[in-house]
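The values are calculated or read from the model by the stated rules, or taken from the named source; none is laboratory data. Remember, predicted model here, so these are calculated numbers, not experimental data. Cβ placement follows ideal geometry from the backbone for every residue including glycine, while neighbour counts extend to all protein chains displayed. Surface accessibility is based on the protein's heavy atoms, side chains included, excluding ligands, DNA and RNA. Shrake-Rupley method; radii C 1.70, N 1.55, O 1.52, S 1.80 Å.
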Amino acid sequence: MQRTQFGEMACSIARTLDVIGEPWSPLILRDVWVGMNRFDQLQADLGISRKVLTERLNHLVDQGVLERRPYDNRPRHEYHLTPKGTELVDLLMVMAAWGDRWLAGEAGPPVLYRHHTCGEISHVTLHCSHCDKPMHANDIDLLPGPGAAT
């Protein structure tokens, strides 16, 4: 059975899922973001098989989300977020905010976020890029864009 090619759909959500839509990729990005840059660190933290981790890292590098950097004379690499990958971390922060609200339970969020600019503990919220008011699913209308399927 052939996998659906989400990247070819005229839908930005589907195209994003083509890059990070399987469960390991967001977790790999999270770990790289917090400074786990070496294969063995990632493998140990995630408990993922070496084969699957190699496949996911290759995919994320091919997609331009991560880059490989050699770190010794042997063919060993560290993985670092590209600008494209750093923007995906913003998506992960929105996912974490949802998980904190709906799934953290009485224990509360497992991670807190201190904002560099003001030094306060905060959380991610969505705001309109024009008026800076909160923006949620019920606050918008969907209109066809220039890349819409015809």
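Tabulated results
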{"quantity": "Residue pairs meeting the criteria (Cβ under 7 Å; at least 6 apart or on separate chains; first closer than 16 Å to residue 125 by Cα, in region 90-114; second part of a helix (DSSP H, G or I) and open to solvent by 70 Å² or more (accessible area, probe 1.4 Å))", "calculated": "92/30"}
{"quantity": "Selection status of residue 19, under 30 Å from residue 142 (Cα atoms), open to solvent by less than 60 Å² (accessible area, probe 1.4 Å) and assigned to a helix (DSSP H, G or I)", "calculated": "yes"}
{"quantity": "Residue 98, sole failed condition from (1) assigned to a helix (DSSP H, G or I); (2) within 30 Å of residue 40 (Cβ to Cβ)", "calculated": "(2)"}
{"quantity": "Residue tally, condition open to solvent by 100 Å² or more (accessible area, probe 1.4 Å) and either under 22 Å from the mean Cα position of the chain (by Cα) or under 30 Å from residue 108 (Cβ atoms) (or both), over region 122-144", "calculated": "6"}
{"quantity": "Complete set of residues in region 57-73 that are surrounded by 13 or more Cβ atoms within 10 Å (Cβ to Cβ) and in contact (Cβ under 8 Å) with a residue 24 or more places away in the chain", "calculated": "57, 59, 60, 63, 65, 66"}
{"quantity": "Test for residue 150: is it in a loop (DSSP other than H, G, I, E, B), open to solvent by 90 Å² or more (accessible area, probe 1.4 Å) and either at pLDDT below 90 or among the hydrophobic types (A, V, I, L, M, F, W, C) (or both)", "calculated": "yes"}
{"quantity": "Subset of region 87-101 that is touching a helix residue (DSSP H, G or I) at 6+ places or on another chain (Cβ under 8 Å) and open to solvent by 40 Å² or more (accessible area, probe 1.4 Å) - its residue that is nearest to residue 54 (Cα to Cα)", "calculated": "91"}
{"quantity": "Which listed residue, of 29, 46, 53, is touching a strand residue (DSSP E or B) at 6+ places or on another chain (Cβ under 8 Å) and at pLDDT 95 or above", "calculated": "29"}
{"quantity": "Residues that are under 19 Å from residue 30 (Cα atoms) and either open to solvent by less than 80 Å² (accessible area, probe 1.4 Å) or of a type in the set (S, T, N, Q) (or both), drawn from region 109-121", "calculated": "109, 111, 113"}
{"quantity": "Residue in region 1-16 that is modelled with the highest pLDDT, counting only those that are of a type in the set (D, E, K, R) and surrounded by fewer than 12 Cβ atoms within 10 Å (Cβ to Cβ)", "calculated": "8"}
